[in-house]
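Enquirer: Below are the structure tokens for one structure; questions will follow.
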């Protein structure tokens, strides 16, 4: 990075960057230490059975570093390797990081998750499903131990399936306009229900349903950021200052909010229907306004800053 100016790094597109580029740009220069780096060659034992290439980090990078001087743990999925999917090795690396944060108070009390994933790796389906379950449990245990787990979502693979569930378990979520979060990916819906139900090639539809603007407006994300390294860094720093208690009362409040959301938005069939129900005066204009204008609209909605995803 020595040949690239800080301003160039800050302006780089998060959406187009690789996982390692995101880590390098997000953290203080030279502060990142990787756990189980590619030189350790910890890779999937299963992909060779399908004549598929493996990666020496299995698409999951974990380690520690500093963000504006504050010590943090960090994990980043490489969405360009097998769609950033959860599998045996990649899942174990993330679970190990989260469990270490829970039990060792000498480690940083913040974990940053740079999620970029289509869900579970089909070639390792059972191991991948177990990995997601263990990751979610580890996040809950970490939060109960006082660790903030912050998801940053804005990659090319989106944040679907197990990744979407993982994000919903985190302390806070920052998302860009290019980011997408959902339990089921658009292609999976189309495959199982038909193009009449959901056309995965209709990008306007996909982003209006799963994209960052809708997620922010319904309370499914805590910060909406520009598609830049600087935007995500600023959001991560702001969310690190929020130290909400994670206890039974908070979970009950989340359940109440989620139940209210179903009542309020359950009959909506389009994103614009949801935006209208939320009281936005010009729902048709949400998709066309620039990021600053959108943040101004979101700032007027006082009930979207909570943990209910």
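Enquirer: Return the distance in nm (one decimal) between the two label points of a simple spin-label model at residue 126 and residue 49, each offset 7 Å from Cα along Cα→Cβ.
Expert: Here the answer is 0.9 nm between the modelled labels.
Enquirer: Suppose each label sits 7 Å from its Cα in the direction of the beta carbon; what would the residue 273-residue 203 distance come out to in nanometres?
Expert: Modelled inter-label distance: 2.6 nm.
Enquirer: Please give the helix 125-144 orientation as an angle from the longest Cα principal axis of the chain, in degrees from 0 to 90, rounded to the nearest 10.
Expert: It works out to around 80 degrees.
Enquirer: Which of 110, 300 comes first, and how do the rest follow, when ranked by fewest Cβ neighbours within 10 Å?
Expert: 300, 110
Enquirer: Can you tell which of 249, 167, 151 shows the greatest fluctuation in a Gaussian network model of the chain with Cα springs below 10 Å?
Expert: 249
Enquirer: Taking 0.36 nm per residue of separation and subtracting the Cα-Cα distance, what length does fully extending residue 247 through residue 66 add?
Expert: Gain on extension, residue 247 to residue 66, equals 62.4 nm.
Enquirer: If I stretch the segment between residue 10 and residue 56 completely, what's the gain in nm (0.36 nm per residue apart, minus their alpha carbon distance), one decimal?
Expert: On the way: separation 46, 0.36 × 46 = 16.56 nm, distance 2.78 nm.
Stretched out fully, the residue 10 to residue 56 stretch lengthens by 13.8 nm.
Enquirer: Right, next: Set the Förster distance to 25 Å, then compute FRET efficiency between residue 145 and residue 259 from the Cβ-Cβ distance, nearest 0.05.
Expert: Working: r = 28 Å, r/R0 = 1.12.
Between residue 145 and residue 259 the formula returns 0.35.
Enquirer: Take every Cα-Cα distance within the range 124-265, group them into 5 Å bins from 0 onward, and report for each bin the whole-number percent of pairs it holds.
Expert: 2, 9, 16, 20, 21, 17, 10, 4, 1, 0
Enquirer: I would also like to ask the following. Can you sort 36, 265 so the residue with the fewest Cβ neighbours within 10 Å comes first?
Expert: The most exposed by this proxy come first: 265, 36.
Enquirer: Next up: Which option, (1) 111; (2) 140; (3) 122, is the value of volume of the Cα convex hull per residue in Å³ that was calculated from these coordinates?
Expert: This structure yields the entry labelled (2).
Enquirer: Can you tell me the 0 to 90 degree angle between the C-alpha axis of helix 88-103 and the longest principal axis of the chain, rounded to 10?
Expert: 90
Enquirer: Could you tell me how far the Cα centroid of the range 178-207 sits from the Cα centroid of the range 104-168, in Å?
Expert: For the range 104-168 versus the range 178-207, the Cα centre distance is 22 Å.
Enquirer: Please compute the contact order of the range 55-173 in relative form: average sequence separation of alpha-carbon pairs under 8 Å and at least six residues apart, divided by the residue count, as a percent.
Expert: About 27 percent, as a whole number.
Enquirer: If neighbour count is taken as other Cβ atoms inside 10 Å, put 225, 95 in order from fewest to most.
Expert: Listed from fewest to most nearby Cβ atoms, that is 95, 225.
Enquirer: If a/c stays under 1.5 just call it rounded; otherwise compare a/b with b/c (prolate if a/b is bigger, oblate if not). Do that for the range 1-145, with a ≥ b ≥ c from the square roots of the Cα gyration tensor eigenvalues.
Expert: Oblate shape, in that a/c is at least 1.5 and b/c is the bigger or equal ratio.
Enquirer: Note down the relative contact order for the chain as a percent, whole number, built from C-alpha pairs under 8 angstrom at least six residues apart.
Expert: It comes to 15 percent, rounded to a whole number.
Enquirer: Provide the gained length on full extension for the span residue 183 to residue 292, in nm with one decimal, where the gain is 0.36 nm per separating residue minus the Cα-Cα distance. Could the numbers behind the result be given before it?
Expert: Details: separation 109, 0.36 × 109 = 39.24 nm, distance 2.79 nm.
Extra length from residue 183 to residue 292 when fully extended: 36.5 nm.
Enquirer: What FRET efficiency comes out for residue 195 versus residue 41 if R0 is 35 angstrom and r is the Cβ-Cβ distance? Round to the nearest 0.05.
Expert: Computed FRET efficiency for residue 195 and residue 41: 0.25.
Enquirer: Could I ask something else about it? Which of rounded, prolate or oblate describes the range 30-77 when judged by the alpha-carbon gyration tensor and an a/c cut-off of 1.5?
Expert: Prolate shape, in that a/c is at least 1.5 and a/b is the bigger ratio.
Just so you know, all these numbers are worked out from the coordinates, no wet-lab data involved. Everything numeric in this text was worked out from a predicted model, so none of it was measured. Backbone-built Cβ (ideal geometry, glycine too); neighbour counts: all protein chains shown.
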